[in-house]
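For reference, the structure discussed in these notes is given below.
Please treat every number below as a calculation from the coordinates, not as lab data. Model, not experiment: these values are computed from the prediction. Here Cβ is always computed from backbone atoms with ideal geometry, including for glycine, and neighbour counts include all displayed protein chains.
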Amino acid sequence: MTRLDRTSFPTLAPRADLVLPAHLPEQGASSGIVHLGIGAFHRAHQAVITQRAIEATGDDSWWITGVTQRSASVRDQLAPQDGLYTVLEKSPEGSRAHVIGTVREVLFPAEQQERLDALLADPALRIVTLTVTEKGYRRRGDGRLDLEDPLVAADIAGGSGAAPVSAVGRLARGMQGRIRAGGAPLTVVCCDNLTANGEVLSRLVRDFAAALPAAEAEELTAYLDAHVRFPSTMVDRIVPATTEADRAEGRGILGLEDAGLVVAEPFLQWVIEGDFATDRPAWEQGGAQITQDVAPFELMKLRTLNGAHSTLAYLGALRGHETISAAVGDPQVLQAARDLIAEDVIPTLTAPDGTDLVAYGETVLERFANPALAHRTVQIAMDGSQKLPLRLLGTLRDRRAGGAEPRAAAVGVAAWMAYIASDLPLDDPMATRLADLARGRTDPRVIVENLLGVQEIFGEDLPEDTWLRSTLRDEVARLRAR
């Protein structure tokens, strides 16, 4: 079958189940945005909103150059397609294909570092966005940059002419190249699920700068102070892994082969702090919300949506459910998620302007119930050591500080522990250590004591909470008995 690209694109015509971009980047057009970590989420989220903004305003200076971090796979998917790909939007009512033309090119730095260096130094570039996952920032337990991480250490030691490999290293070294080219201002927009993600990333880049030789450190820090902004954001869209069945459905709609197709739900949200060093796309005309305070939106999403998502994933996987929608269809699992939101999450939140927290929680569960999204429980269960502190432990701590006994939040934590002890797939930066502590063990007391002792996850306070320890033992025993 003919492949989607600039040559085949004119053969397409819009219809009810096919939405096409109004125009594509000119050959040789400059990129206003470089995106680090061009996986499925970025292609189904920020790239979509950017396309809508370009089409609403006619300002076509905001094309995206994507950077694939770990392998050349996304570049190899999209380069033969001239950056074109499809977002297959799936709902219970049916599917709709949206062809996205915002991505001008995709780079794999291991083979194209010089091209990336040139782009990061180019004044036409005004924004760098990132989706590299929580673990991609290589933080220590206290939230600072892990200077002993092999990739970070290599980026610091390599000198300004060496090719960096970590996300923070690429960003910091790119800024040094930008300084040498004249020091044009830059806005860096983190789009990962980190609390106060802009502040987090700013601190990590400054940690990197501080570890450099004195003259370099002073120069980079001065540039950061004077010319760089790190607005915080909240992003939300369910983007499950693409299956062969999804690709076949896309072929049926397009009549073309699309190796870069991604799948998403209809819902889409992006809240951005209005703090930019230069001009920006009119993202609000593409569906984003610009605000002066992202924190209430961010906490609402992290604790309600992400907390419930992880709880559903662990409980669902333990009960044999392959997908999140199947887990929501299990009355006991659904009730656990409802209890988490109503009893423990909402009491810790301040509602953002115009938001009904109860209605938001119900909307979240309705989205999870979408059977058209084959969002696998074991996929959501990945990287739990990074996700748990953000998604569940903050809620638990706040409730305990208020004198409550947050059993619903504890159930989610216990489900993670039981998952670690099970023979289900364990994909986590700390997988070896966690497996040594709990995998294959049967005594709930041992499982809980061993895992609570992981200070990078639970800190020093939670292991001292006798109510929590007792509750976790009871819940792990109950889950394992089932």
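Some notes on this structure:
- The packing ranking of peptides 6-13, 136-143, 293-300, highest mean first, is 293-300, 136-143, 6-13, where packing means the average number of other beta carbon atoms within 10 angstrom of each residue.
- Packing rank of 349-359, 125-135, where each peptide gets the mean count of other beta carbons within 10 Å, highest leading: 125-135, 349-359
- Here the contact order of region 9-291, divided by its residue count and restricted to Cα pairs under 8 Å and six or more residues apart, works out to 23 percent.
- Share antiparallel - DSSP beta bridges, the chain, percent rounded to 5: 35
- For the chain, calculated [θ]222 nm from helices alone, where every DSSP H run of n ≥ 4 adds -39500 (n - 2.57): -12500 deg cm²/dmol
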